[in-house]
Amino acid sequence: MKNYGLTTYQRDAALAKLHKNIEYMNSNGITMDAKFVPYADFVQNSYNNADRYIAEIQHRAWNMFDYARENDLVNLMFTLTLPSKWHPMKRKSKKDETLIFNPKFGGRKYITKINGYKFMNCTVIQHIPFVEPILDFSPMDRYTPRNASKELSKMLKKFFDDRAYKSIDKDLRCYFRVTEPHQDGTPHVHMSLFIPKDKKERIVKAFKRLYPEPMGKVETNIRKPVHYLMKYVLKTFDDLREDKNITNLTLWYLYHGISRFYTSRTFINLDIYRKLHGMYELKDLTEKYRKDEVQIYFYKDTNKICLIENEFGTLYTPKPINLEDKEEITYYEGAFEPIYKEQKPKIIDVEIDDEKYIYYNKEFRKITKKPYQMNLLELWEYFQNLDIETVDTRHYIYTRNLCIERGLIEGEWLKPTSLHDMMEEFEVEGVF
């Protein structure tokens, strides 16, 4: 079995971390409707609810492929590896895959064996029997897998900052990248990039100019880009139901704290998508949000989602929950102070002289309808009374589009844009 550069100590430390996380997720949770629900039931990652986690990754990949296909984008597959100084080991020869020490490795290679464990790239400051040794991992020794992963991100940023890539419109470029280790534990990156066909040659030249072979490799004839990409994604996962199924590949990610994959910011934030539990596909939700058909509100103090709604009503609000009450809890004195929150006043519907109000916080407030809640006459009067100079641009465009959809006015449906561009389009139509 490949060890991916892990020592016995690192492997044991990663296993202990994994078991501790799983135990915590299963033994702690919340009480909902008088029923205890462990965190493991609704937290998804590579070792908790891995099937749902992988399904979400596939969904993201397929949505990106569908987005690329709708915009006539072509696929390029890049592989980026680090220079020789980042690799502690190398192959003995082209025919012999046996790993030997790489003399060009930039880091130090101190191997110390204590209590049956091997420690790499460190020196022993103090060693007392039956006590954990004090080690010195010198900050000068920067050639670790975690730092190597950061170096790969810097190399990719150099590519993203290149003129060839910057010349492509943000809506016409998207990518999905996977990080995985070589046999010696040094990471490398596979990236699936979608771009317009007329930019293909320029992008390939830019990548080869920045990272010539063998550091960089480009594949241009990928027939099934999603299948090709998911091959790299899926092989980074293990069946973690039993210890015997845990490979050193999973432990490599856990010990070094390296993320398996990243995507471009093409779609809406995943936190928003997860709140709706599959009500929309990721691509469709993003499109509806940009058209202002789905509105998202956040708490000012915490920046957490407090409300998601569409034209038909509320889609999501945080459900109040009670933390599990444990019988025996010991706190250190002065560790924290209790925080008491005032109870929010109730909202009561009231009707006065055929007008609808709500009684909230000891005062009456008249209920105002949103444009999509109005009938044709109300919508027409509301739109006519909007002041283009003071009203929010996005709201004006949204209301105008709604009037067009309901046949109240004629014109082309507009995307939210700047006020200057919008006024130019209206001048052409003769609105002003």
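Just so you know, all these numbers are worked out from the coordinates, no wet-lab data involved. Just so we're clear, the structure is a prediction, and the values are computed from it rather than from any experiment. For neighbour counting, all protein chains shown are included, and Cβ atoms are generated from backbone atoms with ideal geometry for every residue, glycine included.
Observations on the structure shown:
- Panel order for R173, R52, R223, by other beta carbons found within 10 Å of each beta carbon, from fewest to most: R223, R52, R173.
- Its residues counted as N, region 1-77 yields a C-alpha radius of gyration over 2.2 N^0.38 Å of 1.66.
- With neighbour counts taken as other beta-carbon atoms within 10 Å, the residues W62, W252 rank, fewest first, as W62, W252.
- Calculated from backbone phi, Karplus (6.51, -1.76, 1.60) coupling profile of region 249-263 in Hz, x at Gly/Pro: 5, 5, 5, 4, 5, 5, 5, 8, x, 9, 6, 6, 8, 9, 10
- In a fully extended conformation the segment linking E410 and K2 would gain 140.2 nm over its present Cα-Cα distance, using 0.36 nm per residue.
- Of interest is the spacing of the C-alpha centroids, which for region 2-65 and region 154-230 amounts to 29 Å.
- Remark on M89: its backbone amide H falls under 5 Å from those of N102, a criterion applied only to residues 5 or more positions apart or on other chains, H modelled at 1.01 Å from N.
- Rounded to whole numbers, the Karplus 3J(HN,Hα) couplings from phi for region 399-413 are 5, 5, 4, 5, 5, 5, 4, 8, x, 7, 9, 10, x, 8, 5 Hz, using 6.51 cos²θ - 1.76 cosθ + 1.60 with θ = phi - 60°, and x at Gly and Pro.
- Percent RCO, i.e. relative contact order, over region 20-84, from Cα pairs under 8 Å lying at least 6 residues apart: 16 percent
- Taking amide hydrogens as placed 1.01 Å from N in the peptide plane, the amide H of Y316 sits under 5 Å from those of I308, each at least 5 positions away in sequence or on another chain.
- Close amide H pairs (under 5 Å, H built 1.01 Å from N) link I30 with V37, Y39, residues at least 5 positions away or on another chain.
- For the residue pairs K197/K231; K197/K224; K150/K197; K90/K157; K275/K304, the alpha carbons lie more than 23 Å apart in K197/K231; K150/K197; K90/K157.
- Coupling constants for region 78-95 follow from the phi torsions by the Karplus curve (6.51 cos²θ - 1.76 cosθ + 1.60, θ = phi - 60°), and in residue order they are 10, 10, 10, 10, 8, x, 4, 5, 8, 9, x, 10, 8, 6, 5, 7, 5, 8 Hz; glycine and proline get x.
- Taking every alpha-carbon pair under 8 Å whose residues sit at least 6 apart, region 268-317 reaches a relative contact order of 25 percent.
- Spin-label pair H395/D66, simplified geometry with 7 Å Cα→Cβ offset, distance in nm: 3.3 nm
- Computed with the Debye formula from one identical point scatterer per Cα of region 268-317, without solvent, the log10 of I(q)/I(0) at q = 0.15, 0.18, 0.23, 0.29 Å⁻¹ comes to -0.35, -0.51, -0.84, -1.27.
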